[in-house]
Amino acid sequence: MKTTARRLPAAPIALAATLLTAFLVLFVPLSASAHDSLLASSPEADSTVETLPAELTLTFSAKLIDGEGATEIVVTDPAGSPVTDGAPTLNGAIVTQPLASEAPAGAYHVIWKVVSSDGHPTSGEFDFTVTTGTESIATEEPTASPTTSEPTPAATAGPGTDVTSAPEESDSSPATTMIWVLAIAGVLVIVGIVVWLVIRGRRSPGSTDSDVPTER
């Protein structure tokens, strides 16, 4: 008895393969690109501004979902300290983050996190540069007053205590020593002259006595 294998028609298989391919091509990229993306920012990424602006704005491709903790913005200065001033505000697809009024010059780093219109969180980061710091104006004024007040105690403390007393002691001690040395030397010279005169006076009579007998 012969058995024959039944073959499935090729047309339905080809149709199913075509539909599966079309599904993968069309719907998978759409679901992957459904998250909202950042379109623009102010300051722009990798840009250079003169001073730190009063606020940072981020513009996304669609209206974001608002809620507690849904939108977070972190902006740090060159030292890594945050310069954000308050919480960010969301207006449709635009996020606004207030920034500090005083900030140094240098490279700033921005980290953002939002919730897309499809309900999925998305995040990113970028940098920008500030050429002129506004913090230097505030730091120069306090440093001026300490510099004017510091010399005053230094000037009063120096002459009254150690600065002048130490040189006076060092100058007077050599002068006193020199006076004593000169005085002792003078006394020794005078004593030497007196001794020499006494010896000379004693030798002169002896020489006259020895001459008298020889003449006789």
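Derivation of every value follows stated rules applied to the coordinates shown; laboratory data play no part. Note that the structure is predicted; figures quoted are calculated from it, not measured. For neighbour counting, all protein chains shown are included, and Cβ atoms are generated from backbone atoms with ideal geometry for every residue, glycine included.
Toward the positive end of the charge dipole of the range 80-141, about the Cα centre and with charges on Cβ (Lys, Arg +1; Asp, Glu -1), which of F126, P104, V114 goes farthest?
The listed residue farthest towards the positive side: V114.
Pairs of Cα atoms under 8 Å, at least six residues apart: use those to get the relative contact order of the range 38-136, whole percent.
Taking the mean separation of contacting Cα pairs over the length of the range 38-136, I get 34 percent.
Please arrange H109, H120, H35 by how many other C-beta atoms lie within 10 Å of their C-beta, fewest to most.
With the sparsest Cβ surroundings first, the list reads H120, H109, H35.
Which far-off residues, 5 or more places away or on another chain, put their amide H under 5 Å from the one on L52, with H placed in the peptide plane?
Those lying under 5 Å, H to H, from L52 are T134.
What percentages make up the Cα-Cα pair-distance distribution of the range 48-99 when the bins are 10 Å wide from 0?
23, 52, 23, 3
Just need the Rg to Rh number for the range 38-136, please, alpha carbons only, Kirkwood Rh.
Dividing the radius of gyration by the Kirkwood radius yields 0.98.
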